[in-house]
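Scroll down for the structure; my scribbles are underneath it.
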Amino acid sequence: MGEKLQPIYVDLASEMDDPQVTVISSLCMLCHEMGTTRLLMTRIPHYKEVLITSFECEHCGNKNTAYQQGQCQERGVRYQLDVLEEADLSRQVVKSDVATVSVPELELEIPPTGEKGEVTTVEGILRRTRDGLNQDQSARRLENPDTALRIENFIDEIELLLTPGHPFTLIVDDPSGNSFVENPQAPNEDPKLKRTQYKRTKEQSTALGLLNEDEATLGEENLQGNISSPQEQEDESELSLTEESTSEAKDDPESLKDEVLVFSTLCDRCSRPANTNMKVTKIPHFKEVIIMAMTCDGCGHRSNEVKSGSGVSERGRRITLEVREPYDLARDVLKSETCELSIPELDLVVGGGLIGGKFTTLEGLLTNIKEDLETNPFLMGDSSKDDRKAVVEKLLDGLEEVIEGKRQVTFIMDDPAGNNYLQNLYAPDDDPQLTVEEYERSHQQNEDLGLNDMKTENYEEEPLLINSPPQQQQLL
């Protein structure tokens, strides 16, 4: 059978070349323009699976990272870490939005901010605190010099803790139980780390919005009378789409090519009803594709996706482009979910699932790849290793040169499903810089696409044999 499927949740700081990062467009709450959110499902060793998000707005420069903590645990948790050596500064810390972080030696306490949680390190917490205090120092020196001087001295004390040979204690107290401090010696105990679980007080439970059993039972009874189940909503959405499509097909068989279909679905973030727009469009000198875009008015979540309108082609397709001039970056590109990208000169290989299906330009595609590498916390974050970061920085510099038109490279798109496209500027004539090859798929490629066990003709006349020995097939 085929290769082992790639897991949905990858280990934190994994060496996988193709982490499954989902990229979606979302609204910036500062400038109200569209920014980019990246989602990564990861597994933190000896902790649990979490969803890490990273948002960036190219219009106003707003950036933030967070992680989705899930439901509250049965008990709160308190971590106390004795930071005695430089290696302790690199310990990973998962801090939820309700956690309090303190350093007794500095009489420093970072209360819950109400923002989303974050995945960082001990050093990252101190540096972020230092940067936050230093942000308005120039204005303070003019308006209140005494306060500015005291803050400056406090910043110096934080800087002192960031240098080796200055031990201190870090305490993370989380009533929701969703915070975590790394234990490098796990599953054995760490003499420097003390973990304590405790029962929440009534005030802490109220602040977390937790209900007792009687209130929860009453709430469920009220909800059942007013809200239909997700399955009922999904069935109604499918019925609505079927009726709408059937009606349009009766009026005009070509309506799918001329109209934008709008149907109701459920938002994958907040589960509220949302509208999804679907349009079938024709790419010149190629084939039809389906563009789908979903917008949720409830939470503002948006997503878009490009699918092939003709299924899997009979042959795979490999497209090679010699990028020589800046105008080559303006060529239209269709990348399917099964298409692999590579640039041999940069030793860059991007798997099909990294940035999903996209219809953009070559410059836009390279920019998306560059942004994914820059914002990946495991490649360029606080916990990344220096040697790995140096390799990624060299790759980013090479991509920047290509995007700016300063470097000539070979761009290769290899799609076993045959659904990739790169614009031919000389169409319908041949393009001297563009080579398109069609090839027979290997058995493994057919296995990955689910084609080996698929039978679409005469399937009622004889049984479908899967992985049967040749002798057994002859007897049957």
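The values are calculated or read from the model by the stated rules, or taken from the named source; none is laboratory data. Owing to the predicted nature of the structure, the values given are computational and were not obtained by experimental measurement. We place every Cβ from the backbone using ideal geometry, glycine too, and count neighbours over all the protein chains shown. We work out accessible area using only protein heavy atoms, side chains counted, and drop any ligands, DNA or RNA first. Shrake-Rupley method; radii C 1.70, N 1.55, O 1.52, S 1.80 Å.
Stretch residue 451-residue 314 to full length: gain in nm at 0.36 nm per residue minus the Cα-Cα span?
So the extension gain works out to 48.2 nm.
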Multiply the residue gap between residue 426 and residue 408 by 0.36 nm, knock off their C-alpha separation, and tell me the result in nm, one decimal place. 4.5 nm
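First select every other residue whose beta carbon is under 12 angstrom from the beta carbon of residue 439; then total the charges, Lys and Arg +1, Asp and Glu -1. Write out the running numbers ahead of the final one.
Working: positive: 315, 317, 318, 441; negative: 314, 414, 415, 437, 438, 440.
My count for the surroundings of residue 439 gives -2.
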Can you give me the C-alpha center-to-center distance between region 124-176 and region 402-458, rounded to a whole angstrom? 53
Name the residues whose placed amide hydrogens come within less than 5 Å of the amide hydrogen of residue 425, ignoring near sequence neighbours (fewer than 5 apart) on the same chain. none
Two-site FRET efficiency, residue 347 against residue 142, from Cβ-Cβ distance with R₀ of 51 Å, rounded to 0.05: 0.50
Across 370/406; 95/335; 335/406; 63/358, pairs whose alpha-carbon gap is larger than 26 Å: 95/335
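Let me check I've understood the local charge: for residue 78, count other residues with C-beta under 11 angstrom from its C-beta, Lys and Arg +1, Asp and Glu -1. What total comes out? Intermediate values should be presented prior to the final figure.
Details: positive: 75, 194, 195; negative: 173, 174.
After counting each charged neighbour, the total is +1.
Among 430-440, 83-93, 125-135, how do they line up by average Cβ neighbours within 10 Å per residue, starting with the highest?
83-93, 125-135, 430-440
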Label points 7 Å out from Cα along the Cβ direction at residue 107 and residue 327: separation in nm? 6.9
What accessible surface, in Å², does a 1.4 Å probe find on residue 292, ignoring ligands, DNA and RNA and rounding to the nearest 10? 60
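Report the extension gain between residue 188 and residue 75 in nm, rounded to one decimal, defined as 0.36 nm multiplied by the number of residues separating them, less their alpha carbon distance. Intermediate values should be presented prior to the final figure.
Numbers: separation 113, 0.36 × 113 = 40.68 nm, distance 2.20 nm.
Fully extending the segment from residue 188 to residue 75 adds 38.5 nm.
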Hey, rough spin-label estimate for residue 32 and residue 86, points 7 angstrom out along Cα→Cβ, what's it come to in nanometres? 5.0
Inter-probe distance in nm under a simple model that places probes 7 Å from Cα toward Cβ, at residue 202 and residue 401: 6.8
Using the alpha-carbon centroid of each, what span in Å lies between region 76-103 and region 336-361? 38
How do the peptides 144-152, 266-274, 169-177, 336-344 rank, highest first, by the average count of neighbouring beta carbon atoms within 10 Å per residue? 169-177, 336-344, 266-274, 144-152
